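The values are calculated or read from the model by the stated rules, or taken from the named source; none is laboratory data. None of these values were measured; they are calculated from a predicted model. Ideal geometry is used to build each Cβ from the backbone, glycine not excepted, and the neighbour counts take in all protein chains shown. These accessible areas exclude ligands, DNA and RNA; they are computed on the full protein's heavy atoms, side chains included. Shrake-Rupley method; radii C 1.70, N 1.55, O 1.52, S 1.80 Å.
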Amino acid sequence: RIAQGFDMKVLAHDPFAQLREDVSVERTPFEELLSRADIVTLHVPLTPPTEKMIYGRTLALMKPKALLVNTSRGKVIDEPVLFNALKESRIGGAALDVFASEPISGSHPLTKLENVVLSPHIGAMTREAGERLSDAVARQVRDILQGRPPECVVTG
């Protein structure tokens, strides 16, 4: 329960996620999610299948007042198509902190729209995040120097 008299249903589409039983999330096919959601948030890596996953046909599935939030990678959205959908009020609005070409210029068409919120992609640039990163790096250096494997190993 979010607020008095307001219930929120969470829909999710992730072909790889293992949803826990105690989490109240409805696994939903992607196109159905787009057509049902009031707010769509994107949390995907940029891969060939996700590049321009939001384009004309997928935007057309969204509700006219729906909001699109992208904090993943800019190229998962076809920006010119999104611009037109926003300009023509085919969706309610967008909040973006990633763009196809970064940094975004002040002359970019999206900067001219009233139904768009734009911000830099700096969520990890807080003092607290920097402190946690420094602590993690120091622990891993210590572990390596003491002959233990570090907690974060990338192989491949």
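Only helical DSSP H runs with n ≥ 4 go in: add -39500 (n - 2.57) per run for the chain, normalise by residue count and round the 222 nm mean residue ellipticity to 500 deg cm²/dmol.
Calculated at 222 nm, the ellipticity per residue is -8000 deg cm²/dmol.
Out of R36, R142, R90, any idea which swings most in a Gaussian network model of the chain, alpha carbons joined below 10 Å?
R142
Give the accessible area for H121 in Å² (nearest 10); use a 1.4 Å probe, count only protein heavy atoms, and leave out ligands, DNA and RNA.
Roll a 1.4 Å probe over it and H121 shows about 90 Å².
So how tilted is helix 127-145 from the main axis of the chain? Cα-based, degrees 0 to 90, rounded to 10.
Taking Cα atoms only, the helix is inclined about 40 degrees.
Could you work out the per residue convex hull volume over the alpha carbons of the chain, in cubic angstrom? Don't skip to the answer; put the middle values down first.
Numbers: hull volume 30.1 nm³, N = 156.
Measuring per residue, one finds 193 Å³ for the Cα hull of the chain.
Highest first, please rank the peptides 11-19, 51-59 by the mean number of other Cβ atoms sitting within 10 Å of their residues. Write down the numbers at each step before the final one.
Numbers: 11-19: 11.1, 51-59: 16.4.
Highest-to-lowest ranking by the protection proxy: 51-59, 11-19.
Can you give me the pair-distance distribution of segment 74-156, C-alpha pairs, 10 Å bins, whole percents?
Histogramming segment 74-156 at 10 Å steps yields 15, 31, 18, 18, 14, 4, 0 percent.
Say we join alpha carbon atoms closer than 10 Å with springs in a Gaussian network model of the chain; which of S72, S24, S119 then has the biggest fluctuation?
Residue with maximal mean-square fluctuation among S72, S24, S119: S24.
Run the 1.4 Å probe and let me know the accessible area of V23, rounded to the nearest 10 Å².
It works out to around 60 Å².
Can you tell me how much longer the chain between E128 and V10 gets when fully stretched, taken as 0.36 nm per residue apart minus their C-alpha distance, in nm with one decimal?
Details: separation 118, 0.36 × 118 = 42.48 nm, distance 2.86 nm.
Length gained between E128 and V10: 39.6 nm.
I'd like the accessible area for F83, computed on protein heavy atoms only with a 1.4 Å probe and all protein chains in place. Round to 10 Å², please.
About 40 Å², rounded to the nearest 10.
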